[in-house]
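Enquirer: Next up is a structure, given as structure tokens.
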Amino acid sequence: MTEAYEWDGDWSAIDSMSERESLEEELRRELCSSHIIYGIEAAAIGRRWRRDDVLFLLRDGRFAQVHLTRRAEANPRWPDTQIYASFEEWKSVPVEDR
């Protein structure tokens, strides 16, 4: 799944199925029912080295960059999430800003 994407900066593909499943479960645990991506199937495809930033491919084809907080959230602002229409749109953001 992640082989089709070219990663840059300190971002890399998530190759381990167990890591992918763990990050997807963590996302589900953190989202409150009013969060922007609550209830949308999300597949973890990339992560930022030594950070809690993860890029998820959403069921509808969009991408969500999420900064995981490692706790269940009640405020829909958290975890902080940026939505992109495509991988290319995400990658067009300067690496230091994503």
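The values are calculated or read from the model by the stated rules, or taken from the named source; none is laboratory data. Remember, it's a predicted structure, so these values are computed and weren't measured experimentally. As a convention, Cβ positions derive from the backbone with ideal geometry for all residues, glycine included, and neighbour counts pool all protein chains shown. The accessibility values were calculated without ligands, DNA or RNA, using every heavy atom of the protein model including side chains. Shrake-Rupley method; radii C 1.70, N 1.55, O 1.52, S 1.80 Å.
Enquirer: Show me 80-93, 53-66 ranked by packing, highest mean number of other Cβ atoms within 10 Å first.
Expert: My ranking of the peptides, most packed first, is 53-66, 80-93.
Enquirer: Let me ask something else about it. Over region 1-44, with the other protein chains present, what is the accessible area per residue in square angstrom, probe 1.4 angstrom?
Expert: Accessible area per residue, region 1-44: 59 Å².
Enquirer: What part of the accessible area of the chain, given as a whole %, is carbon or sulfur when the probe is 1.4 angstrom?
Expert: 47 percent
Enquirer: Also, I was wondering about something else. So what is the relative contact order of the chain, in percent, for Cα pairs below 8 Å that sit 6 or more residues apart?
Expert: Reported relative contact order: 24 percent.
Enquirer: Return P(r) of region 38-98 (all Cα-Cα pairs; 10 Å bins starting at 0; whole %; ordered from short to long distances).
Expert: 21, 56, 22, 0
Enquirer: With angles folded into 0 to 90 degrees, how steeply does helix 17-30 sit against the dominant principal axis of the chain? Use alpha carbons for both and round to 10.
Expert: Compared with the principal axis, the helix lies near 40 degrees.
Enquirer: How large is the charge dipole for the chain, taken about the Cα centre, if only the Cβ atoms of Lys, Arg (+1) and Asp, Glu (-1) carry charge, to the nearest 20 debye?
Expert: Dipole of the chain, to the nearest 20 debye: 340 debye.
Enquirer: Of the options 82, 94, 69, report the single residue whose Cα projects farthest towards the positive end of the charge dipole of region 57-98 (beta-carbon charges: Lys, Arg +1; Asp, Glu -1).
Expert: So the residue furthest toward the plus end is 69.
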